[in-house]
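Worksheet for the structure shown next.
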Amino acid sequence: MEIKLFKKERKPLIRISRKANLETWKKILIKISSIIFALILCALISNIIAEGSFFTFLQNVFVNNFASTKRGVTSFSLQKTINLLWSTSILLIITLSVTPAFKMKFWNIGGEGQILMGAFGSLIVMKFMAPTINNNFAVLTLMLLFGMIFAAIWSVIPAIFKCLFNTNETLFTLMMNYIAMAIVGFFSYEWRATGKTAIGIVNEDTHLGWIPKVTMFDGKSYDYVIGIIIVIIVALILTLYLKYFKQGYEINVLGGSRNTARYIGISINKVTIRTMIIVGALSGICGWLLVAAGSHTINQTLVNGQGFTGVLISWLGHFNTGEIAIYSFLVAFITKGSENAASALNYSSSVSSILIGVFFFALIASEFFINFKVSLNLNFRNGGDLDGHN
């Protein structure tokens, strides 16, 4: 007869353990699978909202982002393609503007306010100084300078408080978003056009402070082309700065370990303040582009929450410019496609926001499956291990 003195310990039904370094091809496969799953799930949700719209949704994502239909004929549209690349470029530079701070573990979520203040500085030049200068290149240069200064001041304030008083930068930068919105809201009302409640389009007749259109190979002139090129140049410069320059090395060391940074003689306060000035300068460039190439005006919703989207893309892209560029394109791609579907299928624009959320959820889930392994113990009731042994 067997006598059990102790109750046998049960093993868990589900065990989550961290994976060893996964091969690159497996990571890519998981990512691609998650994107395909997200698109199918979005199409299914669209089909539930508008019956029979499964393939119509996919068409709006894959075809209508690059093509237009006239009289039943679908053909490539350069304008739509440029619009998609412009949305990608804005997301890219927004994300890049917050990335240096995250690399050194300064949790800056104030990109929304910093970009807004950059746009505010640019608009001051555009509205009040441009008529006296009367030279578009000079106006654009001055707008860029003011935008970078305004945004740099806004971003360096929480850095100074962090260095002097060890304040919580997450809360500080978050609160400064709302202050920036309040400032822009106040002055956009104070400077409102006659008979209106907002500033309206600035210099609509003279186009002073507007980035000019570019004539393409089809003989037509298009907005945003110069803005897209500027973002590409900024992305390349920032990549080289973070990878090959001493300052970029100091940012990486500070992000790895503050004690190591102190040990090798890096001034933490100096690097923190310098990096946040760079973050502000990048935010200023973004704000300048939004005013000079995009809206030609300013309001509280100019950035439209993309500052927070940039935080998520930066993390998903592991602070790597190449990955960030891919994710920026994917987010712009699904956003534009969802908006096209909402317009074609006549459902609420809030549905497109839900679909974008589903897409992000799938991307975040892919990160989980890349880094962790889920094991099932089917024999857990008998106290077996994950391989079924007693």
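The values are calculated or read from the model by the stated rules, or taken from the named source; none is laboratory data. Note that the coordinates shown come from a computational prediction; the quantities given were computed from them, not determined experimentally. For neighbour counting, all protein chains shown are included, and Cβ atoms are generated from backbone atoms with ideal geometry for every residue, glycine included. Just the protein is used for accessible areas: all its heavy atoms, side chains included, with ligands, DNA and RNA removed. Shrake-Rupley method; radii C 1.70, N 1.55, O 1.52, S 1.80 Å.
Some values worked out for this structure:
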| item | result |
| --- | --- |
| Lone unmet requirement of (1) open to solvent by 90 Å² or more (accessible area, probe 1.4 Å); (2) farther than 24 Å from Ser87 by Cα; (3) at pLDDT 95 or above; (4) not acidic (Asp, Glu) for Ile237 | (2) |
| Test set (1) open to solvent by 10 Å² or more (accessible area, probe 1.4 Å); (2) at pLDDT below 95 - Thr88 fails condition number | (2) |
| Check on Leu378, loosely packed, with under 13 Cβ neighbours inside 10 Å and either modelled with pLDDT under 75 or on the phi > 0 side of the Ramachandran plot (or both) | yes |
| Subset of the range 286-322 [assigned to a loop (DSSP other than H, G, I, E, B), surrounded by 17 or more Cβ atoms within 10 Å (Cβ to Cβ) and either of a type in the set (Val, Ile, Thr) or on the phi > 0 side of the Ramachandran plot (or both)] | His296, Thr297, Ile298, Val303, Phe319 |
| Criterion violated by Trp154 - all others in (1) aromatic (Phe, Trp, Tyr); (2) within 27 Å of the chain's Cα centre (by Cα); (3) farther than 30 Å from Ala325 by Cα satisfied | (3) |
| Hits in the range 213-233 (condition: open to solvent by 20 Å² or more (accessible area, probe 1.4 Å) and either within 19 Å of Ala325 (Cβ to Cβ) or assigned to a helix (DSSP H, G or I) (or both)) | Tyr224, Val225, Ile226, Ile228, Ile229, Ile230, Ile232, Ile233 |
| Residue under evaluation Thr275, criteria (1) touching an Asp or Glu at 6+ places or on another chain (Cβ under 9 Å); (2) touching a residue at least 24 places away in the same chain (Cβ under 8 Å); (3) surrounded by fewer than 20 Cβ atoms within 10 Å (Cβ to Cβ), criterion not met | (3) |
| When residues of the range 182-194 are limited to those that are more than 24 Å from Leu145 (Cβ to Cβ) and assigned to a helix (DSSP H, G or I), the one most open to solvent (accessible area, probe 1.4 Å) | Tyr189 |
| Thr197 open to solvent by 20 Å² or more (accessible area, probe 1.4 Å), assigned to a loop (DSSP other than H, G, I, E, B) and in contact with a helix residue (DSSP H, G or I) (Cβ under 6 Å, 6 or more places away or on another chain) | no |
| Residues (surrounded by fewer than 18 Cβ atoms within 10 Å (Cβ to Cβ) and either touching a Phe, Trp or Tyr at 6+ places or on another chain (Cβ under 6 Å) or in contact (Cβ under 8 Å) with a residue 24 or more places away in the chain (or both)) located in the range 137-160 | Ile149, Ile153, Ile160 |
| Members of the range 342-357 that are under 22 Å from the mean Cα position of the chain (by Cα), open to solvent by less than 30 Å² (accessible area, probe 1.4 Å) and in contact (Cβ under 8 Å) with a residue 40 or more places away in the chain | Val351, Leu355 |
| Verdict on Ser46 being farther than 30 Å from Lys373 by Cβ, at pLDDT 90 or above and of a type in the set (S, T, N, Q) | no |
| Any chance Phe120 is surrounded by 15 or more Cβ atoms within 10 Å (Cβ to Cβ) and modelled with pLDDT of 95 or more | yes |
| Top-ranked residue of the range 161-173 - restricted to ones that are in a helix (DSSP H, G or I) and without any contact (Cβ under 8 Å) to a residue 24 or more places away in the chain, ranked as surrounded by the fewest Cβ atoms within 10 Å (Cβ to Cβ) | Phe165 |
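Here is a yes/no grid of residues against (1) open to solvent by 100 Å² or more (accessible area, probe 1.4 Å); (2) among the small types (Gly, Ala, Ser); (3) modelled with pLDDT of 85 or more:
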site	(1), (2), (3)
Leu5	yes, no, no
Leu29	no, no, yes
Ile32	no, no, yes
Cys42	no, no, yes
Leu58	no, no, yes
Ser68	no, yes, no
Ser75	no, yes, no
Gln79	no, no, yes
